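In what follows, a structure is listed as C-alpha cells, so that the remarks can point back to it.
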Amino acid sequence: MKIAVVGAGAIGGYLGARLSAAGEDITFIARNRNLAAIQANGFRLILEDGSTLDAPAAKAVERMSDAGVQDVVLLTVKAHQVVDLLPELGALLGPKTLLVTMINGIPWWYFQKLEGDYSGRSLESVDPNGRLAQEIAPEHIIGSVVYPAAELIEPGVVRVIEGNRFTLGELDGSRSERIEALSQVMMRAGFKAPVSKDIRSEIWLKLWGNLSFNPISALTHATLEDICTFGPSRELAANMMTQAQSVAEKLGVQFKVSLDKRIAGAQAVGAHKTSMLQDVEAGRALELNALVGSVVELGRITGTPTPTIDAIYAATQLLAHTMAQHKGRLQLLPIPV
C-alpha cells in the first residue's frame, strides 16, 4: 500500500518504520531536522528489548503535494494541530483514500455516521466552527485507538516503550473490505490491529484514563504510578472517571472493564510521564480540549454534571495559558545539596 504518515513523531515514526520495513510504500510528512534525518537515513526504531529495526526505504517530504494521492493516510498529530493541516491535506486524498485518525481524545467526527439524537452534531471543543467536519468527508475516515507508548529520542529515531496494538473501526460499525485490508497490512508489519464494531466505546476506554491522569500529572508532575498509588490523587482520578462514565453511558457507550481495573492498568505502566506532562516539561501546547474539554462539552450536551472534571479542566487551562503567556515550560528539578 501507498501510505503517508502525517506527523513523524513517536507514534507516527513507530508505525511508518515498521510498515516500511514490511515492504509498504511509506512517505513521512515531516519538517526541519526530522525531515533531513529521514531523507538521509530513513527511520530507525529501538525496540523494547533494545534491538534496532531500520527502515532505510522510508521517504520524507515537507509538502503533502509532493507525496501525492495515497491509499492510506495515517494522521498521527495532536488533535489541536489537525485544523492547521486542512489547506494541504486534500493533496493526499483521492476518492478511495483512507484517513486513519490516530489521535487521542474525542475526535471531531464523533457524531458523524452515528444514529440517534445527536447525529451529525459538531463539537466546538475539538472542531471550532465545524471546519473539520465541513472539509473532511466522513467517507474517508477510519477511527483508531492508539495503545503503544513510544518517544522520539532524536530526529528519525523512536524508542518503543511498550505495546503494539492499534484498534481500527469504521464510523458506522461495519466490517468493510477496506478496513479488513488495512488490518491485514498492519498485522503483517507486526502490529495487533483488531477491527472493532464499536470504535467509540474503544475510544472512551482509553480516554477514561487520559482525561484524568493527563491533567493531574500536568498539574502535579507525578507519574502514572505516583498518581495511582497516592491515595488522594487516586480518589481524584476515580471521581473524574466516574463522572465521565456517566456522560459516556448517556451516549450509549459500554465500558468493558471496571474502573478499578482501568486504574490498575495505568498503575502497571509504572513511573511513566503522561504525554501532557511531557508537553508541560517541553513547553509545548497541551492536548487539553480533546482529552478534557470535549468531555466537559459532552456533559453539557447530555445534561450530566461533571464538577470535578470542570475544576481540573479550569486549573489545567490556566496552566496552559500561563505557559503560553510566558513562552515557558515547567520542570521539577532536584534541590542541590
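The values are calculated or read from the model by the stated rules, or taken from the named source; none is laboratory data. Every value quoted in this text rests on a predicted model; they were computed, and no experiment measured them. Here Cβ is always computed from backbone atoms with ideal geometry, including for glycine, and neighbour counts include all displayed protein chains.
Among the residues of the range 82-118, the ones that are free of Cβ contacts under 8 Å to residues at least 60 places away in the same chain and not in a strand (DSSP E or B) come to 14 in all. Of all the numbered requirements in (1) at pLDDT 95 or above; (2) assigned to a loop (DSSP other than H, G, I, E, B), Ser122 misses one, and that requirement is (1).
Residues in the range 43-70 that are of a type outside the set (Val, Ile, Thr), more than 20 Å from Ile153 (Cα to Cα) and surrounded by fewer than 21 Cβ atoms within 10 Å (Cβ to Cβ): Ala57, Glu62, Arg63, Ser65, Asp66, Gly68. Residues in the range 16-42 that are buried (at least 18 other Cβ atoms within 10 Å of the Cβ), among the aliphatic types (A, V, I, L, M) and either more than 17 Å from Val100 (Cα to Cα) or in contact with a helix residue (DSSP H, G or I) (Cβ under 8 Å, 6 or more places away or on another chain) (or both): Leu19, Ala21, Ile26, Ile29, Ala30, Leu35, Ala37, Ile38.
To keep it simple, each residue is scored yes or no on (1) surrounded by fewer than 20 Cβ atoms within 10 Å (Cβ to Cβ); (2) out of contact with any Ser or Thr (no Cβ under 7 Å at 6 or more places or on another chain); (3) closer than 15 Å to Thr76 by Cβ; (4) aliphatic (A, V, I, L, M).
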| position | (1), (2), (3), (4) |
| --- | --- |
| Ala150 | no, yes, yes, yes |
| Ile153 | yes, yes, no, yes |
| Glu162 | yes, yes, no, no |
| Phe166 | no, no, yes, no |
| Ile179 | no, yes, no, yes |
| Pro194 | yes, no, no, no |
| Asp198 | yes, yes, no, no |
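Out of the residues in the range 147-180 that are in a helix (DSSP H, G or I) and touching a residue at least 24 places away in the same chain (Cβ under 8 Å), which is nearest to Trp109 (Cα to Cα)? Going through the qualifying residues, I end up with Ile179.
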